Structure formats: C-alpha cells, structure tokens
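Below: the structure, in structure tokens.
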Amino acid sequence: MKKTMLLCAGLCLALAFTGCKPKESAYKKAYEKAQNNPQTGEDNTWGDAPVVAPIVSTPVNDSKVVDNVDNVSVREEKLTVVSGAGLKDFSVVVGSFSLKANAEGLQSKLASEGHAAQIAYNAERNMYRVIASTFDSKYDAVQSRTQFRTVYPDAWLLYNQR
C-alpha cells in the first residue's frame, strides 16, 4: 500500500514538472507576431527603422557659481567662552572634546601655527569646542572652514546662539 502511494505521488510530481514546459511553437508564434507590424500588417525587419526627429542641441547660458554659502550646513549651539577673546556669529570648529585638557592641547597646537584659537563650552552636550576662527559673516566662515579642512578634514561651522 505504501509503495503504491509513493509511486503515485512520484508520478504526479513528474507530470506536474513536465506538463508546464513551454513549447517551441509558442516561442515561434510570439517571434512572428513581434516581427509583423500590427497597424499596417507589413513585415518590420531590421532595415525598416522608424523615423525619429533629430536632436537639436542649443547652447546653455553660462552661469558661474561664485560660492556655495547657502548650502553649507551650520550647527547652532549656545556656547560660553572658556578661553579666548570672544566669539562672533559664525565660528569654525576643528575639534570637540569632553575633556578640557584635550581641548587646551589642540588650542596650543593651533596657537603655535599662528591661529587665534579659542575654547568654548557647550553645557547641553558637555563638550568643549576648539574654535580656530570666528567671523561676523557666513561667507567668511565658509572660506576659512574650507582652508582648515586641508589640515582638519572634520572642521565644521557653528552659529553661536548667545
């Protein structure tokens, strides 16, 4: 009894897999249908290409981007100056530290390079920010940040909320 059930199940499985095979004639009919143009009934061989209008290139007005100031992201934080002359609206931050000693080390390195670096403290995040330069305008801050990124690739802009 078990042998016959197993044999029947195997036979049904074999029929299921072989019964769904597409036939060559179906492929041939689809190919012939694709070759014939359904609108005119004419044969559409490779030699008869449809007519397409030529592409006409027109000159574009040259426009030069002077700066990308509006697309530069600026982080807003409320800071208090720990060491330095004071912050203006926009500042270039080259380092952020949770330890004041680490921030002082980077500040002394920047001072030895000739920069008037400052340290500011963000009480909300408990972070000391090392500020390499500070400016009244965003444009000047972006230019300075671009220069500092050659040495400090993670330099970013900060807006002091005061």
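Of note:
- Residue within region 116-123 that is over 16 Å from VAL72 (Cβ atoms) and out of contact with any strand residue (DSSP E or B) (no Cβ under 9 Å at 6 or more places or on another chain) present: no
- Pair list, Cβ < 7 Å and 6+ apart or interchain, from region 138-162 residues that are under 10 Å from VAL94 (Cβ atoms) and at pLDDT 90 or above to residues that are open to solvent by 90 Å² or more (accessible area, probe 1.4 Å) and not in a helix (DSSP H, G or I): ALA155/ARG149; TRP156/ARG75
- Within region 129-146, being within 15 Å of ALA117 (Cβ to Cβ) and loosely packed, with under 14 Cβ neighbours inside 10 Å holds for no residue.
- Selection of first residues in region 89-101 that are touching a residue at least 12 places away in the same chain (Cβ under 8 Å) and of second residues that are among the charged types (D, E, K, R) and surrounded by 16 or more Cβ atoms within 10 Å (Cβ to Cβ), restricted to Cβ pairs under 7 Å at least 6 apart or on distinct chains, gives the following pairs, ordered by first then second residue: PHE90/LYS138; VAL92/ARG145; VAL93/ARG129; SER96/ARG129.
- All positions within region 80-116 that are open to solvent by 40 Å² or more (accessible area, probe 1.4 Å), touching a Ser or Thr at 6+ places or on another chain (Cβ under 8 Å) and assigned to a helix (DSSP H, G or I): GLU104
- Residue list for region 124-162, restricted to those being farther than 13 Å from VAL74 by Cβ and hydrophobic (A, V, I, L, M, F, W, C): MET127, VAL130, ILE131, ALA132, PHE148, VAL151
- Breaking point among (1) of a type in the set (Gly, Ala, Ser); (2) within 23 Å of the chain's Cα centre (by Cα); (3) open to solvent by 10 Å² or more (accessible area, probe 1.4 Å), for ALA155: (3)
- All positions within region 117-137 that are touching a residue at least 40 places away in the same chain (Cβ under 8 Å) and in a loop (DSSP other than H, G, I, E, B): ALA123, GLU124, ARG125, ASP136, SER137
The values are calculated or read from the model by the stated rules, or taken from the named source; none is laboratory data. As the structure is a computational prediction, the values presented were derived from the model and not from experiment. Note that we place each Cβ from the backbone using ideal geometry, even for glycine, and neighbour counts take in every protein chain shown. In case anyone asks, the SASA skips ligands and DNA or RNA and just uses the protein heavy atoms, side chains included. Shrake-Rupley method; radii C 1.70, N 1.55, O 1.52, S 1.80 Å.
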